[in-house]
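J.: Have a look at this one.
The values are calculated or read from the model by the stated rules, or taken from the named source; none is laboratory data. For clarity, every value in this text was computed on a predicted model and none was experimentally measured. Cβ sites come from the backbone with ideal geometry, for glycine too, and all protein chains shown count toward neighbours. The protein model used for the area step is the full one, side chains on, heavy atoms only, and it has no ligands, DNA or RNA in it. Shrake-Rupley method; radii C 1.70, N 1.55, O 1.52, S 1.80 Å.
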Amino acid sequence: MSNCGGFSETKDATKEIQKLCDQVKLEVEKKTGKNFKEYVAVKYREQIVAGTNYIIKVHVGGVQYIHLSVFEALPCNGGAVELKGVQDNRTKDDPLIPF
């Protein structure tokens, strides 16, 4: 359950969240200058707006994680998925904070 206009509590990632991550993987690799062999969504937070904003923690191998900021438009607006930002060099325990 999210605050009115705020982000939800941190939740375990679902297959749907992994699909969002997969859709922006090439752009993430381009922005970070890295190729990720392992790329598994583990946690996320969401904010419902005119679509949905997501902050997603992705395990990219060993003890390395990245955080993604992703926007998914409403289906009536085309449902496009857009990468808004990437935070590299995150850890398993770093909190998911909107950026």
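J.: If I ask for residues that are within 14 Å of VAL86 (Cα to Cα), open to solvent by less than 80 Å² (accessible area, probe 1.4 Å) and of a type outside the set (S, T, N, Q), which ones from segment 28-43 would you list?
T.: Those that are within 14 Å of VAL86 (Cα to Cα), open to solvent by less than 80 Å² (accessible area, probe 1.4 Å) and of a type outside the set (S, T, N, Q): VAL28, GLU29, GLY33, LYS34, PHE36, TYR39, ALA41.
J.: Filter segment 36-89 down to residues that are free of Cβ contacts under 8 Å to residues at least 24 places away in the same chain and outside any strand (DSSP E or B) and give me whichever is farthest from CYS21 (Cα to Cα).
T.: Here the answer is CYS76.
J.: Output the number of residues of segment 84-99 satisfying the condition of being within 10 Å of the chain's Cα centre (by Cα) and over 16 Å from VAL40 (Cα atoms).
T.: Residues flagged as within 10 Å of the chain's Cα centre (by Cα) and over 16 Å from VAL40 (Cα atoms) within segment 84-99 amount to 2.
J.: Which ones in segment 83-96 are within 22 Å of GLY62 (Cα to Cα) and either among the aliphatic types (A, V, I, L, M) or in contact with a Cys (Cβ under 9 Å, 6 or more places away or on another chain) (or both)?
T.: Across segment 83-96, the qualifying residues are VAL86, LEU96.
Residues are listed down the side, and each one gets a yes or a no for (1) basic (Lys, Arg); (2) at pLDDT 95 or above; (3) open to solvent by less than 30 Å² (accessible area, probe 1.4 Å):
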{"residue": "GLY6", "(1), (2), (3)": "no, no, yes"}
{"residue": "ILE66", "(1), (2), (3)": "no, yes, yes"}
{"residue": "LYS84", "(1), (2), (3)": "yes, yes, no"}
{"residue": "ASP93", "(1), (2), (3)": "no, yes, no"}
{"residue": "PHE99", "(1), (2), (3)": "no, no, no"}
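J.: Continuing with the same structure: Which members of segment 48-58 meet the condition of being open to solvent by 30 Å² or more (accessible area, probe 1.4 Å) and over 9 Å from the mean Cα position of the chain (by Cα)? Steps first, please.
T.: Taking segment 48-58 first, the residues open to solvent by 30 Å² or more (accessible area, probe 1.4 Å) are 48-50, 53.
ILE48, VAL49, ALA50, listed by residue number.
J.: Report yes if some residue within segment 16-23 is part of a loop (DSSP other than H, G, I, E, B), more than 15 Å from ASP88 (Cα to Cα) and under 10 Å from the mean Cα position of the chain (by Cα); otherwise report no. Quick ask: steps written out before the conclusion?
T.: Going through segment 16-23, the residues part of a loop (DSSP other than H, G, I, E, B) turn out to be none.
Within segment 16-23 (the criterion being part of a loop (DSSP other than H, G, I, E, B), more than 15 Å from ASP88 (Cα to Cα) and under 10 Å from the mean Cα position of the chain (by Cα)), the answer is no, since none of the residues qualifies.
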